[in-house]
Amino acid sequence: MMIALRALVRKDLRLFFADRRAVIMSFVAPIVIASFFGYIFGGSQTQETSKIAVLMVDQDASPISTAIFADLQANKSLDVKGSGLDAARESVRKGNAALAVIIPKDFGAEAGRAFFRPEKKPEIAVFYDPSHSAEQQMVQGVLTGSVMQVVSKEMFSGATGESVVKESLAAVDQSAGLDAGDKRSLHDLLQSVEQWNQRARATGATGGGGLSGGVRMPYEVREEAITARTGVQYNGYAHSFGGMSVQFILFVGIDVGIGLLLQRQRGLWKRLRAAPLSRGLLLGSRAISAAITSMLVLLVVFGFARVVFGVKIEGSMAGFIGVCLAFSFMTASFGLLVAALGKTPEATRGLSILVTLIMVMLGGAWVPAFLFPQWLQTVTMFVPTRWAMDGLDAMTWRGLGFSAAIQPIGALLLSTVIFGVLAVSRFRWDAEG
Amino acid sequence: MIEVKDLRKNYGTNVAVGGISFQIERGETIGLLGPNGAGKTTTVAIISGLLRPDSGEVLIEGRAISGDSDPLKHKIGLVPQDLALYDELSAHDNLSFFGALYRLDGPALARAAAAALDLVGLTDKAKEKVGTFSGGMKRRLNLAAALMHDPDILLLDEPTVGVDPQSRNAIFDNLETLKKRGKTLLYTTHYMEEAERLCDRVVIIDHGKVIANDTLHGVYRLIPAANMLLFDLDNAEGMSLDELRGLPSVRSADVTGNNLRVGVGNLSTDAPAVLQWLQSNGRAYSHVVSERPDLETVFLNLTGRKLRDS
């Protein structure tokens, strides 16, 4: 039995490596695509990330608007350039800029007044490219912080602030509609600000402390990416190489199924069935060769990622190998299922590629599964590729121990059994007469 | 050696084999003849263990194949109608692979591959990929693949389909060699001349049933016009076919252009009467040959129907 098994497996592997298209699709394609995805999704975080292109239309040209412009330009996430109104609108329309911020005339003075009095607030218009809505929200947050800081600073220490405070104090004193108690309190507040400004000007302090720096965020953010260990940076290539390995190994599974259908079509199945070989040996040998091919693809693809992009198995090596093996077995039984359900190679190929791409998509190989709606995330728990991705992520960049691999391995082996039982029960054993 | 007993196989309402029985003795070569769709391939598939019959049985040396891995299968070599070979592998590697399926390994496997390649005359092509072979070479290798484990019985399902006359002759030579070595051959075809060259006996089937099981001479005896005389006449215009058909020795007569085709029972006693009639009617001819009736003629005589295409 071993002679026949060895011959069957060796023949499958030789046929696989004789097919240049299959080799390129299995080894080169995942490396190329994973490299691309890894790069654009952050890579190893050593390269400079792309900045958001923002145009600034300053129709005010006041100290406040100028300071906002400068503050935005200093932000390392933004690429801020000045522009005219019409040019800005055209640039956003053409997609040359993600958005444009228009600071209207008299913005500085009106914002100062609105700071102390319930008057109409000036408007900052934002033109944005609808395909960049995420960037629009981010820039709007940065803009809010910048405007608050610049306007408050100017109100408590700048020339515009002094005149606005004087103007506001006079307006409060002359106001007839205000409650006496409120009027007194507001008067005291504005007078205190005026005295603050006078003292600051007398001592020459412009940014020494207190509110002279403007209203600032009352907290600092300390960012820490939680990866395998302290000091180990997240490597985006780990996820992309895992995802593309999963996708292209499933294509290997399809080739296994199509190969069996082609054998049937070419009469080879008759010759194999005429030999004194059990059904278990015939299908088992195919499953073994598919599992070996899948393991080879995983090892080559991750080997490339290790050497070129520094992707490491930060977690359990045994867990990583376990997930790879379980996924390889799952791929093999998936291939047998393709052969069992398929009629002709031509018709089966298109349908099985569609099923594979859906499995890969739901598994989170293209975009992380946490971006899916909650109900869809629940559904993906029944998709084996989701477990393969979770297992590979856990053993690579998350750096988790073997215990974190047990559930993915179990789920993948369960899928192997389900696909295998379905395949064997639906397989057409008779070679047609 | 092989005993086929009342085999029946249906595909839905379609009867592929409807109760076929025949026997093949050791060393005998049997032609299984019939039109397309008669049930030849299904019968071969059942004998080789590829298909299970709905009823009936096949005994090989008194025993039925009992399972997929029954060692009894070692006695059978199947040459499928399809070119069941891996184009991506060399001729030698194809043979080595098929030999290994029958537990051949090491020097025994190498010897078997060399012998099979030698028999079919492909030794010098051993290292070349099968994808580069001509149709005739592939057919020969298709035969060689079935010989790797030195089976006693060869089941040949139309092994000369689509090959040129030269390759067909080469395959016949190979089969005659195997016959001399004492192999038992079951050969399906729809060409009477192939059966005539190779077979000791023919089993003619139609609609899944045996309609004749005899030696070729025995089959020809069942046909009134067991021999055909073909004349190239100088001029067939105005010839009275009814008068020719009225001769006691003539079974049939037809003219196409200047080609006259006359069916007779016994060549040696009936042919002179035809020649004399042509001479007395002033019908000169430039060429005359005699030939056996083809399957079309045999079939028509046995069933009263023309051969179906499907």
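In the stretch A:373-383, the condition of being closer than 16 Å to A:V246 by Cβ, surrounded by 20 or more Cβ atoms within 10 Å (Cβ to Cβ) and touching a Ser or Thr at 6+ places or on another chain (Cβ under 8 Å) is met by no residue.
Looking across A:A100, A:A111, one residue alone is touching a Phe, Trp or Tyr at 6+ places or on another chain (Cβ under 6 Å) and buried (at least 18 other Cβ atoms within 10 Å of the Cβ). It is A:A100. Taking helices (runs of 4 or more DSSP H) as the structural unit, those lying wholly within the stretch A:365-433 and holding at least 3 residues that are hydroxyl-bearing (S, T, Y) and closer than 27 Å to A:I288 by Cβ correspond to A:403-426. The number of residues in the stretch B:12-41 that are in contact with a strand residue (DSSP E or B) (Cβ under 8 Å, 6 or more places away or on another chain) and free of Cβ contacts under 8 Å to residues at least 40 places away in the same chain comes to 1.
In the stretch A:2-15, the residues that are at the interface with another protein chain (Cβ under 7 Å from one of its Cβ atoms) and within 16 Å of B:E88 (Cβ to Cβ) reach residues that are among the small types (G, A, S) and part of a helix (DSSP H, G or I) with C-beta atoms within less than 7 angstrom, at least six apart or across chains, in these pairs: A:A7/B:A100.
Candidates in the stretch B:48-74 are the residues that are within 10 Å of chain A (Cβ to nearest Cβ) and not in a loop (DSSP other than H, G, I, E, B); of these, the one that is farthest from B:D157 (Cα to Cα) is B:P71. Of everything in the stretch B:75-107 that is charged (D, E, K, R) and more than 8 Å from chain A (Cβ to nearest Cβ), the residue that is surrounded by the most Cβ atoms within 10 Å (Cβ to Cβ) is B:K75. For the stretch A:271-287, a tally of residues being more than 12 Å from B:G99 (Cα to Cα), facing another protein chain (nearest Cβ under 7 Å) and at pLDDT 90 or above returns 4.
Could you check, for the stretch A:67-86, whether at least one of its residues is in a strand (DSSP E or B) and crowded, with 17+ Cβ neighbours inside 10 Å? First the steps, then the outcome.
So the first thing to find is which residues in the stretch A:67-86 are in a strand (DSSP E or B), and the list is A:78-82.
When the remaining residues are screened for being crowded, with 17+ Cβ neighbours inside 10 Å, the result is A:78, A:80.
Checked against the condition, which is being in a strand (DSSP E or B) and crowded, with 17+ Cβ neighbours inside 10 Å, the stretch A:67-86 yields at least one hit.
Contact map, the stretch A:370-390: first residue over 17 Å from A:T331 (Cα atoms), second residue at pLDDT below 85 and surrounded by 11 or more Cβ atoms within 10 Å (Cβ to Cβ), Cβ cut-off under 9 Å, separation 6 or more or different chains; pairs are A:L376/A:A369; A:Q377/A:A369; A:V379/A:F372; A:T380/A:A369; A:T380/A:F372.
Right, B:V44: assigned by TED's automatic domain parsing to the domain that holds B:I211, outside any loop (DSSP other than H, G, I, E, B), hydrophobic (A, V, I, L, M, F, W, C) and more than 19 Å from the chain's Cα centre (by Cα) or not?
No, not satisfied.
Among the residues here, B:K127 qualifies as assigned by TED's automatic domain parsing to the domain that holds B:S48 and touching a strand residue (DSSP E or B) at 6+ places or on another chain (Cβ under 8 Å). Of the numbered criteria (1) assigned to a strand (DSSP E or B); (2) touching a Leu at 6+ places or on another chain (Cβ under 9 Å), the one B:R251 fails is (2). Selection within the stretch B:1-47: residues that are hydroxyl-bearing (S, T, Y) and either surrounded by fewer than 15 Cβ atoms within 10 Å (Cβ to Cβ) or over 14 Å from A:D430 (Cβ atoms) (or both). The member of this set that is farthest from the other protein chains (Cβ to nearest Cβ) is B:T29.
Scanning the stretch B:213-248 for residues that are surrounded by fewer than 16 Cβ atoms within 10 Å (Cβ to Cβ) and part of a loop (DSSP other than H, G, I, E, B) returns B:T215, B:L222, B:P224, B:D234, B:N235, B:E237, B:G238, B:S240, B:G246, B:P248. No other residue among A:L413, A:L400 is more than 14 Å from chain B (Cβ to nearest Cβ), surrounded by fewer than 21 Cβ atoms within 10 Å (Cβ to Cβ) and at pLDDT 95 or above apart from A:L413.
Identify the residue in the stretch A:119-165 that is among the aliphatic types (A, V, I, L, M) and more than 30 Å from A:A200 (Cβ to Cβ) and, among all such residues, is surrounded by the fewest Cβ atoms within 10 Å (Cβ to Cβ). Outline the logic, then answer.
Quick first cut of the stretch A:119-165, residues among the aliphatic types (A, V, I, L, M) only: A:124-126, A:134, A:138-139, A:142-143, A:147-148, A:150-151, A:155, A:159, A:164-165.
Those left that are additionally more than 30 Å from A:A200 (Cβ to Cβ): A:125-126, A:134, A:138-139.
Values: A:A125: 13, A:V126: 15, A:A134: 10, A:M138: 16, A:V139: 23.
Applying the filter and picking the extreme gives A:A134.
Consider the stretch B:147-156. How many of its residues are within 18 Å of the chain's Cα centre (by Cα) and surrounded by fewer than 23 Cβ atoms within 10 Å (Cβ to Cβ)?
Going through the stretch B:147-156, the residues within 18 Å of the chain's Cα centre (by Cα) turn out to be B:153-156.
Now restrict to residues that are surrounded by fewer than 23 Cβ atoms within 10 Å (Cβ to Cβ): B:153-154.
Number of matching residues: 2.
The values are calculated or read from the model by the stated rules, or taken from the named source; none is laboratory data. These numbers were taken from a predicted model, which means no experiment stands behind them. Neighbour counts are summed over all protein chains in view; Cβ atoms, including those assigned to glycine, are modelled from backbone coordinates with ideal geometry.
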